[in-house]
Amino acid sequence: MKYILKVCHILVVYLSFSLILFAQDTSDTNTSKYGVLSASLELTAYGRMSDLIEQTGNEDTLGVLLDGELNYIKEYKYASISADMNIRVYEPLSHKARFYKDMNPPLFDFSKMNIFVNFGYIGVRVGVLEPYMNNIPMKSYFPSLFYVHTVSSNKATVLSGPRDLPIGYDSQLIPRYDTGLMLESSFYGVFIGVGMVNGEQGLDANSSKGLMAKISYSNDYVHTGVAGYVTEIGSIPIKEWGDGVNAFFYFKNGKDGNITAGIEGFWFRHGIRGQSDYLPGYENTNLHHYNQGYFTDFSIQTVVSNTPLYAMSGFVFFEIRKLWIIDITTHVGIWDNNIYSDSMDIFKPKYRAFLKITFNVTDDFKIMISDTFTYDEVFANNYQYYELEERYQVGAISYADYGGKHYTVDNDFYIGLSYKFGGVWGK
């Protein structure tokens, strides 16, 4: 904790000092020489109560989150160069995760870090990219909860990712971010982007390349389009399909409108592509001498069939802002990670409803209250876990072994305070 806080402190001091120097240097000069720098830091302190404590043992009831954004743009005669970065530093104040360490939120995270060279109607973007399939007009403030490893076959689920986003929206099937090179063009409200990205965040990313593309149209009232990617996940031991298509439509009532409504839908192909020496029940004869690897929450059920799964999801979104000092954001979504079968809990549809009320005390200081309700039959029909009272016995045991029938659903209540500060220099 001390180390994380020290890093946060150094980051704030360094960034503030750098911005002060930049502001002083450019106060009496023209922007064509120095460009324009904008930066902001948002500090959020929160408390939460989540049923997922019974799944993960993760008692992150209190926490602090530092969210920083940095943008720089420099205009030249025939082009402009911009750099964008978003980083999140998370310090949980009650972080135990007794049972499964891989269910913890990352302490350091980022969603973009790239350079864009714009020649007018066309440009090239290189670095960590925001995925084309991320269109929802809201910014996640929950610390992310990721299932890095599958716990067991009957616990496989799509509850990874921030709790305030639609179910499955910010997960492996919808990449949180990716690294690559994109060719992008914007003209008269039309956006076209194509490029190559690494196929995943983990394992051997160099062996997992993918193609990503998007076409959309935006004006003061609508934002609509389609996006998709084709890739594979994994290295030599295990290869998985990783293809997806997204269609979206959002409406708002004018350029500075306070009402936004929208709908998004997704289709995916996923699952393990072929048999491997590392699948359960197979003798390990792989000459590369890799370890046992892991199966994702989405692909574990394809071990037997050796065929892809087809998944679909969708949600509706509504937000009203500047209702006195109140903003109201809500969405309701559904996920089915195997549209051709309901034979197991994991294959049955899952649902999520979200409601957030934000009190804008000032332009920079906010109070946020929200509730997320997720219904997943994997959680509803399987006994949950608790810590044994006998401290010499390490691990978790099912309530069923004691004759009980204890179930839970994923309900997550959140209250947070945030303060944002920053500015623009060089205008």
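The values are calculated or read from the model by the stated rules, or taken from the named source; none is laboratory data. Since we're looking at a predicted model, the values are computed, not measured. Positions of Cβ are generated from backbone atoms using ideal geometry, with glycine treated the same way; all protein chains shown enter the neighbour counts. The protein model used for the area step is the full one, side chains on, heavy atoms only, and it has no ligands, DNA or RNA in it. Shrake-Rupley method; radii C 1.70, N 1.55, O 1.52, S 1.80 Å.
Tell me the accessible surface of Glu69 in square angstrom (1.4 angstrom probe, heavy atoms of protein chains only), to the nearest ten.
Glu69 exposes around 60 Å² with every protein chain in place.
Glu130 to Asn411: extension gain in nm, 0.36 nm per residue of separation minus the Cα-Cα distance? Working shown, then result.
Details: separation 281, 0.36 × 281 = 101.16 nm, distance 2.83 nm.
Using 0.36 nm per residue and subtracting the Cα-Cα distance, I get 98.3 nm.
Which entries of Lys252/Lys356; Lys209/Lys356; Lys239/Lys356; Lys209/Lys255; Lys77/Lys139 have Cα-Cα distances beyond 27 Å here? Each step should come with its number before you reach the end.
On the way: Lys252/Lys356 19 Å; Lys209/Lys356 37 Å; Lys239/Lys356 39 Å; Lys209/Lys255 38 Å; Lys77/Lys139 34 Å.
From Lys252/Lys356; Lys209/Lys356; Lys239/Lys356; Lys209/Lys255; Lys77/Lys139, over 27 Å: Lys209/Lys356; Lys239/Lys356; Lys209/Lys255; Lys77/Lys139.
For the peptides 369-381, 410-422, what is the packing order when you average, over each peptide's residues, the other Cβ atoms within 10 Å and list the highest mean first? Working shown, then result.
Values: 369-381: 18.2, 410-422: 16.6.
Listed from highest to lowest mean packing, they are 369-381, 410-422.
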